[in-house]
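One structure is given below, encoded as structure tokens.
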Amino acid sequence: MIKTNINRLLRRGKWHSIILLSAVMATVMLFSSATKDICAEINKCILAGDAQQLSKYFHSTVEMSVLKKEGYFSRVQAVSILSEFFKNNPPKSFSVKQGGSNSANTKFSIGTYESNSSSFKIYYVVKREQNIESIHKLTIEKR
């Protein structure tokens, strides 16, 4: 009896539609959860003053300018520089002033970072390479 009903549904094409719709919905849900807004996650790390967590979003080499330290740094070097910055300038607030995309594969964000004693402009660039987004450039300037 059940087999007969399934066969009838399959012949009418309803199962095909149900399976297709289910597959599309599962793909959309998987894709949306896998592609969190990386800039929002980076902003949380900056606000927390957490260089170690922020490093999870670094490219293998990061172009950085943090006050007087400039160059291309490995993740380990970048964590050390940012840890020192956050230690000397604990976060009071961080607010994004401007952000967007320069192209399909590049995002940027500009924000104001406040510590108890100083204000800084933070600018970073995120690039997508081989379907992976990571920070390629990070600049921190005193205002």
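Remarks
- Against the criterion of being in a strand (DSSP E or B), touching a Gly at 6+ places or on another chain (Cβ under 6 Å) and not basic (Lys, Arg), Phe94 qualifies.
- Qualifying residue in segment 84-94 (condition: within 18 Å of the chain's Cα centre (by Cα) and more than 20 Å from Asn131 (Cα to Cα)): yes
- Single residue of segment 99-109 satisfying the filter (touching a Ser or Thr at 6+ places or on another chain (Cβ under 9 Å) and at pLDDT 95 or above) that is surrounded by the most Cβ atoms within 10 Å (Cβ to Cβ): Lys107
The rows are residues; the columns are (1) assigned by TED's automatic domain parsing to the domain that holds Lys137; (2) touching a Phe, Trp or Tyr at 6+ places or on another chain (Cβ under 6 Å); (3) at pLDDT below 90; (4) under 22 Å from Ile110 (Cα atoms).
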residue	(1), (2), (3), (4)
Val24	no, no, yes, no
Thr27	no, no, yes, no
Gly49	yes, yes, no, yes
Gln52	yes, no, no, yes
Tyr57	yes, no, no, yes
Ser65	yes, no, no, yes
Gly71	yes, no, no, yes
Ser74	yes, no, no, no
Val79	yes, no, no, yes
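- Qualifying residue in segment 67-78 (condition: touching a Gly at 6+ places or on another chain (Cβ under 7 Å) and either free of Cβ contacts under 8 Å to residues at least 24 places away in the same chain or surrounded by 15 or more Cβ atoms within 10 Å (Cβ to Cβ) (or both)): no
- When segment 123-143 is limited to residues that are of a type in the set (Val, Ile, Thr) and free of Cβ contacts under 8 Å to residues at least 60 places away in the same chain, the one that is surrounded by the fewest Cβ atoms within 10 Å (Cβ to Cβ) turns out to be Ile132.
- The set of residues in segment 97-122 that are part of a strand (DSSP E or B), touching a residue at least 24 places away in the same chain (Cβ under 8 Å) and in contact with a helix residue (DSSP H, G or I) (Cβ under 9 Å, 6 or more places away or on another chain) comprises Gly99, Lys107, Ser109, Gly111, Tyr113, Phe120, Ile122.
The values are calculated or read from the model by the stated rules, or taken from the named source; none is laboratory data. Here the structure is a predicted model, which means the values were calculated and not measured. FYI the Cβ positions are ideal-geometry reconstructions off the backbone, even for glycines, and counts take in every protein chain you see.
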